[in-house]
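Any read-out appearing in this document is the output of simple, stated calculations on the displayed coordinates, not a laboratory observation. Quantities reported herein were computed from a predicted structural model and do not represent experimental measurements. Cβ atoms come from the backbone with ideal geometry, glycine included; neighbour counts cover every protein chain shown.
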Amino acid sequence: MDFGREYLDDANDRFRKYKELAEKALEQLSDEQYFITLDEESNSVAIIMKHVAGNLLSRWTDFLTTDGEKPNRDRDSEFVLDGDTKESIREYWERGWACLFKATESLQPEDLEKTILIRNEPHTVIQAINRQMTHYAYHVGQIVFLAKHFRSAEWKSLSVPRRRP
């Protein structure tokens, strides 16, 4: 068994499942619900998606050859909605995920021990993949939580539903 190939295949499968989970939650939201915040310190679903997309594009563009924090990334702007629409956010989200899959699907088992940089901090490729996987899982969980909150009794479970009378 080639554990490197197994790891890469599993990582790609996990990334796809996180994206799919978020999108199943997004399907249940109205256009307006993308932009609701619970309070002045919280992020809307749209902001979370914008941040994830910005992170995806920064981390996975030229993954093996450049620092994962690109100099042209304006992270702070990811937390501001400035003329953004549901459609523009969804397009940015798709571009980010496409960038990730282009990078990860081209990785070979021998790449796993290479060292890359994220914010000038060295990581093996395995460490970088694991770091990003946990980051995206965290934000997908936020999206699911908010969608479930907004949909309340109309929420359609994304996993095994609780018993209902």
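Here are a few things to note about the model shown:
- Stretching the chain fully between Arg162 and Met133 yields a gain of 7.7 nm (0.36 nm per residue, less the alpha carbon separation).
- Subtracting the Cα-Cα distance of Glu69 and Ser30 from 0.36 nm times their residue separation leaves 10.8 nm of extension gain.
- Rounded to the nearest 20 debye, the dipole magnitude of the chain is 660 debye, with +1 charges on Lys and Arg beta carbons, -1 on Asp and Glu beta carbons, and the Cα centre as origin.
- FRET efficiency estimate (nearest 0.05) - Cβ-Cβ, Asp13 to Glu113, R0 22 angstrom: 0.55
- Legend: ranking of residues Glu113, Glu40 from fewest to most surrounding C-beta atoms inside 10 Å; resulting order Glu40, Glu113.
- Distance (nanometres) between label positions extended 7 Å along Cα→Cβ at Arg151 and Glu94: 2.1 nm
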